[in-house]
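Input: a single structure, listed below in structure tokens.
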Amino acid sequence: MVRLLALSLLAALTASGAVVYSNTATPLGLEDVFADQNATEIGDQITLEPGGPRQLQSVLASLVTYDDAVTAAPILRIYSVASGGGVDTLLASSSLASQTFAANSRTLLTFTGWSLTLPEQLIWTLGFVGDEMPVLGVEAYSPPGTGMGTGDTLWWRVGGLFVLQSFTGTDDDYFLEIQAVDPSGAVPEPGTWALTLCGAALLLAARRR
């Protein structure tokens, strides 16, 4: 009995969330470079899959380099959408430690450690700690396989202001995937798991005696 309990706890601990937005299947061969746009943040407005879980678990993004290696600390931010459209309140952010991106490479980045219930519509941006503008690019993909993008519009933050960029006649969004879990089934904090597993071990020891 205790063994089954421990196995079920371990399975829940390692379970992954459900994908509520994914635009990772169809690359368009187009990229936007932070330094070229003088942008400290580049991102997009998206709509999540209706009816899915909303407790944010992880976000998968990517960056590409060119002729030179780059060292930078990426940060992914999530904003609410203003009632009249546009970037509103910063809801949450997750950053990674400074890392080196090899020349002429593509690097997948997973942002975790969130504490956020996602709205159905949001604006996300990818930038760098300290608002650097390195020679790194984000990739255009289309169409999203899960959820919806905005097609021909993208957001850049330039000089402290958000700029909506429109590309008439195109249908592209940036590479991104979001996983979420049901808040009622969210994985407890590590301390909670430790107490639960200790309790299971005590039960097992008592039964053996």
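The values are calculated or read from the model by the stated rules, or taken from the named source; none is laboratory data. If you're wondering where the values come from, they're calculated on a predicted model, not measured in any experiment. Note: ideal-geometry Cβ built from the backbone for every residue, glycine included; neighbour counts use all protein chains shown.
Some notes on this structure:
- All positions within segment 1-35 that are at pLDDT below 95, assigned to a helix (DSSP H, G or I) and not hydroxyl-bearing (S, T, Y): V2, R3, L4, L5, A6, L7, L9, L10, A11, A12, L13
- Applying the set (1) farther than 22 Å from R106 by Cβ; (2) acidic (D, E); (3) outside any loop (DSSP other than H, G, I, E, B) to E139 leaves exactly one unmet item: (1).
- Restricting segment 95-107 to residues that are aliphatic (A, V, I, L, M) and touching a residue at least 24 places away in the same chain (Cβ under 8 Å) leaves a set whose member that is surrounded by the fewest Cβ atoms within 10 Å (Cβ to Cβ) is A97.
- Criterion: modelled with pLDDT under 95, closer than 20 Å to T117 by Cα and either among the β-branched types (V, I, T) or out of contact with any helix residue (DSSP H, G or I) (no Cβ under 6 Å at 6 or more places or on another chain) (or both) - qualifying residue of S95, S58, S83: S83
Each row is one residue, and each column tells you yes or no for (1) among the hydrophobic types (A, V, I, L, M, F, W, C); (2) closer than 19 Å to L30 by Cβ.
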residue: L90; (1), (2): yes, no
residue: S95; (1), (2): no, no
residue: T112; (1), (2): no, no
residue: S115; (1), (2): no, no
residue: F128; (1), (2): yes, no
residue: A140; (1), (2): yes, yes
residue: D152; (1), (2): no, yes
residue: L164; (1), (2): yes, yes
residue: D172; (1), (2): no, yes
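- S142 fulfils the conditions (1) of a type in the set (G, A, S); (2) farther than 11 Å from T40 by Cα; (3) crowded, with 22+ Cβ neighbours inside 10 Å except for a single criterion, (3).
- Number of residues in segment 18-40 that are within 17 Å of the chain's Cα centre (by Cα) and among the aliphatic types (A, V, I, L, M): the value is 4.
- Only one of A180, A206 that is farther than 24 Å from L30 by Cα, among the small types (G, A, S) and at pLDDT 95 or above: A180
- Some residue of segment 117-130 being of a type outside the set (G, A, S), part of a loop (DSSP other than H, G, I, E, B) and touching a Leu at 6+ places or on another chain (Cβ under 6 Å): yes
- When segment 108-128 is filtered for residues that are surrounded by fewer than 16 Cβ atoms within 10 Å (Cβ to Cβ) and within 14 Å of L63 (Cβ to Cβ), the ones remaining, listed by number, are L108, T110.
- Within segment 152-180, being assigned to a loop (DSSP other than H, G, I, E, B) and buried (at least 17 other Cβ atoms within 10 Å of the Cβ) holds for D172, F175.
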